[in-house]
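Readers should treat all values here as calculations from the given coordinates under stated rules, not as data from a laboratory. Remember, it's a predicted structure, so these values are computed and weren't measured experimentally. Because the Cβ atoms are built from the backbone with ideal geometry, glycine has one as well, and the counts that use them run over all protein chains shown.
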Amino acid sequence: MSAPFVRTAPSPTGYLHIGNARSLMFNWLFARRHGGRFLLRYDDTDLARSKPEFAEAIAEDLAWLGVVPDASIRQSERIALYDVAAGKLRAAGRLYPCYESADELDRKRKRQLARGLPPVYDRAALKLTAEDRARLEAEGRKAHWRFLLDWEEIGWNDLVRGPSHVDCASLSDPVLVREDGTYPYTLPSVVDDLDIGITHVIRGEDHVTNTAVQIQIMQALGGALPAFGHHNLLTTASGEGLSKRLGHLSLRGLREAGIESLAVAALAVLTGSSDAVRPVSSLDELAGLVDLAHVSRAPARFDEHELETLSARTLHQLDFAAVEDRLRQLGIPASEPFWLAVRGNLARLAEAREWWQVVEGPVETLVADAAFAATAASLLPAEPFDQTTWKSWTQAVAAATGAKGKALFMPLRQALTGRDHGPELAALLPLIGREKALKRLKGERA
Ligand code: GLU
């Protein structure tokens, strides 16, 4: 395959959620896997609902996911191109003016349904003469413009679903230009895909019918057709669609809750695949796992509790290099041994602060048996400490006191860390160091 060019096309009318992440990650990973490029296209032709702050939030959310677009465009800045395309379609007789009001269309649909007919636009406007149109316009009506579909079956080899087809004879001619001259989603999307040279349009299966329509428009405009792929949509555990109103599943909400972005990316695309959901250590690794041809068509039930678990498991296997900057942002100027010591105990990265405090001090220590602690202190080896120090020390303490198992380890853990649980002491002890360890064994805050 020559290098693909894919896009994600969110409308900046709200925050991205996990369902949007599924689509955008499929695209990004596809580009990554095949050495291609990725465009961020803001579908912001709906000026009333599009907000600059949502566009900014989308860029931030992408950055959080580790997704860096190769280019970014806004449809609101490209209206002139859509005007040219609409002119071309008009000239070719594929765009025709209609004057029905929303109410009239609604009544038509109801009558059709009552008669058991599909609620497809009846093309009444095609029969209007020039005089009819002049009269309607004199009444103050403004035309909206529909694309004249060919009543034929449109087929394509879907990247996910395989051979697919839609019979366009069962569809209403789509409105491409509204009364006020603005453009609903369809025409701008087609024009941009052609103009930019998008090679693969990968999106949710709610767009399957749109694809047939868009293929016809693309053919009418002329240009190379992209390949199309439609993945299934994430649903809730009970099978309902995920809605933007699920604020806590917005990418922003997940980030604020301390969920790892790699876990979000992995769960977004691995849910509903034949591969088991598992933690990954990089987007490249994830790109290697995701093959559109293997995305299942069954409902992809999204389990938000799985996100918690996957996030923790993701953290447990991240390299120091992957978290070093983030640790610094948390005020932890840590080195690799610290990270390797504590990562397995974290559900959230921010919890590393607690263990940094334990290592650096001061810690309120817990010494219940001062005599035992004093014996242990007297047996603490000289520095340098390493991973073996804990074992040799505790063996010596066991030999001297007769304590073993929990009776041996718990008082030492409590004295050294002030806690009953935590990372392996073999790894923590060298980080705490001899001086602080001795003080803590004496019951001093250190
Ligand atoms: N703005 C459209 C959406 O979010 C884009 C669909 C597409 O990928 O063409 O549904």
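Computed from backbone phi with θ = phi - 60° and the Karplus coefficients 6.51, -1.76 and 1.60, the 3J(HN,Hα) list for region 191-205 is 4, 5, 4, 6, 5, 7, x, 5, 9, 9, 9, 10, 7, x, 6 Hz; x is used for glycine and proline. Here region 1-150 is described by how far its Cα atoms reach on the three principal axes: 57, 36, 35 Å, from widest to narrowest. Taking every DSSP helix (H) stretch of at least 4 residues in the chain, weighting each as -39,500 (n - 2.57) and dividing the sum by the residue count yields a mean residue ellipticity at 222 nm of -13500 deg cm²/dmol.
In region 66-197, the alpha-carbon atoms span a convex hull of 179 Å³ per residue.
Taking every C-alpha pair closer than 8 Å and separated by at least 6 residues, the mean separation divided by the residue count of the chain gives a relative contact order of 14 percent. As a proxy for reagent exposure, Lys391, Lys406, Lys108 were ordered by neighbouring Cβ count within 10 angstrom, fewest first; the result is Lys406, Lys391, Lys108. Between Arg37 and residues 5 or more places away or on another chain, which pairs have amide H atoms under 5 Å apart, with H built 1.01 Å from N, and which residues are they? HN-HN under 5 Å from Arg37: Phe5, Val6. Kirkwood hydrodynamic radius of region 12-98, from the reciprocal of the average inverse Cα-Cα distance over all distinct pairs: 14.9 Å. Inter-part distance, region 226-240 to region 352-377, computed on C-alpha centroids, equals 52 Å.
Within region 102-153, the proportion of C-alpha pairs whose separation exceeds 16 Å stands at 55%.
Size descriptors for region 265-322 (Cα atoms only): Rg and Dmax, in that order, 11.8, 38 Å. Cross-link reach is defined here as a Cα-Cα straight distance under 24 Å, omitting same-chain residues fewer than 8 places apart; for Lys439 the lysines meeting it are Lys391, Lys404, Lys406. Between Leu117, Leu187, Leu380, the residue with the greatest mean-square fluctuation in the GNM of the chain (Cα pairs under 10 Å linked by springs) is Leu117.
Computed from the alpha carbon atoms alone, the convex hull of region 161-270 holds 177 Å³ per residue. Mean projected area of the convex hull spanned by the Cα atoms of the chain, taken over all viewing directions: 27.5 nm². The HN-Hα couplings worked out from phi for region 12-20 by the Karplus form 6.51 cos²θ - 1.76 cosθ + 1.60 (θ = phi - 60°) are x, 10, x, 7, 5, 10, 4, x, 5 Hz, whole numbers, x standing for Gly and Pro. Considering region 306-406, its Cα convex hull presents a mean projected area of 8.4 nm². Magnitude of the charge dipole for region 1-134, about its Cα centre and with charges confined to Cβ atoms of Lys, Arg (+1) and Asp, Glu (-1), is about 700 debye.
Under 5 Å between amide hydrogens, built in the peptide plane, is the criterion, and for Arg74 it picks out Tyr42 among residues at least 5 positions away or on other chains.
For Leu176, the residues whose modelled amide H falls within less than 5 Å of its own, excluding neighbours fewer than 5 places apart on the same chain, are Trp145, Arg146, Phe147. If the segment from Gln112 to Thr309 were pulled out straight at 0.36 nm per residue, it would be longer than the present Cα-Cα gap by 65.8 nm.
Within the listed set Leu65, Leu194, Leu128, the residue fluctuating most in the Gaussian network model of the chain (springs between alpha-carbon atoms under 10 angstrom) is Leu128.
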